[in-house]
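The structure under discussion appears below in the form of structure tokens.
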Amino acid sequence: MQKRFSVASGVSQAIKAAQEGDFTSLFENDTEIWWAFVRERLDLGADELMIRIDLEDDSFGPWYVWLLFSVQEHGSTLSLEGVLIPDYENEPDAALATPEGREQVPYFVLS
């Protein structure tokens, strides 16, 4: 399957745009699916959400970048709180794992 982003291009611009509230380049045609996911999780009481971005490294293989969002203003606003990048060179198991301490946070997958 073709990855949506390459490590070298695209993902950093898409993250920056998402931080500014423009999710178009991040989700492309999946924007409505993302917002349905958000609404459903907010209705279930989530106060944090994550997006997992699947990436591929030529020498290492597959790994994930995580975007962590917190819910603000009584569930009406999402705030990008952080970009979680595993130390996959020193801890190979971390490359494909949910970030430590965030195992219960609902996440949306972008590949």
- request: For region 9-36, name all the residues that are within 19 Å of P106 (Cα to Cα), touching a Leu at 6+ places or on another chain (Cβ under 8 Å) and of a type in the set (A, V, I, L, M, F, W, C).
  value: I15, A18, L26, F27
- prompt: Among R39, R52, R102, which is the only one that is assigned to a loop (DSSP other than H, G, I, E, B) and not β-branched (V, I, T)?
  reply: R102
- line: Residue count, region 80-111, condition open to solvent by less than 80 Å² (accessible area, probe 1.4 Å) and either touching a helix residue (DSSP H, G or I) at 6+ places or on another chain (Cβ under 9 Å) or among the charged types (D, E, K, R) (or both), comes to 9
message: Criterion first (without any contact (Cβ under 8 Å) to a residue 40 or more places away in the chain, among the polar types (S, T, N, Q), open to solvent by less than 40 Å² (accessible area, probe 1.4 Å) and not in a helix (DSSP H, G or I)) does S70 satisfy it?
response: yes
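Out of the residues in region 87-99 meeting the condition of being part of a loop (DSSP other than H, G, I, E, B) and farther than 14 Å from I51 by Cα, tell me which one is farthest from the chain's Cα centre (by Cα). Even if it seems obvious, please write down each step before you answer.
Step one: of region 87-99, the residues part of a loop (DSSP other than H, G, I, E, B) are 87-91, 97-99.
Applying the additional criterion that residues be farther than 14 Å from I51 by Cα yields 87-91.
Working: D87: 16, Y88: 17, E89: 20, N90: 22, E91: 20 Å.
This residue is N90.
The values are calculated or read from the model by the stated rules, or taken from the named source; none is laboratory data. Just so it is clear, the model here is predicted, and its values are computed rather than measured. In this analysis, Cβ positions are derived from the backbone assuming ideal geometry, glycine residues included, and neighbour counts consider all displayed protein chains. Remember, those area values only see protein heavy atoms, side chains included, never the ligands or the DNA or RNA. Shrake-Rupley method; radii C 1.70, N 1.55, O 1.52, S 1.80 Å.
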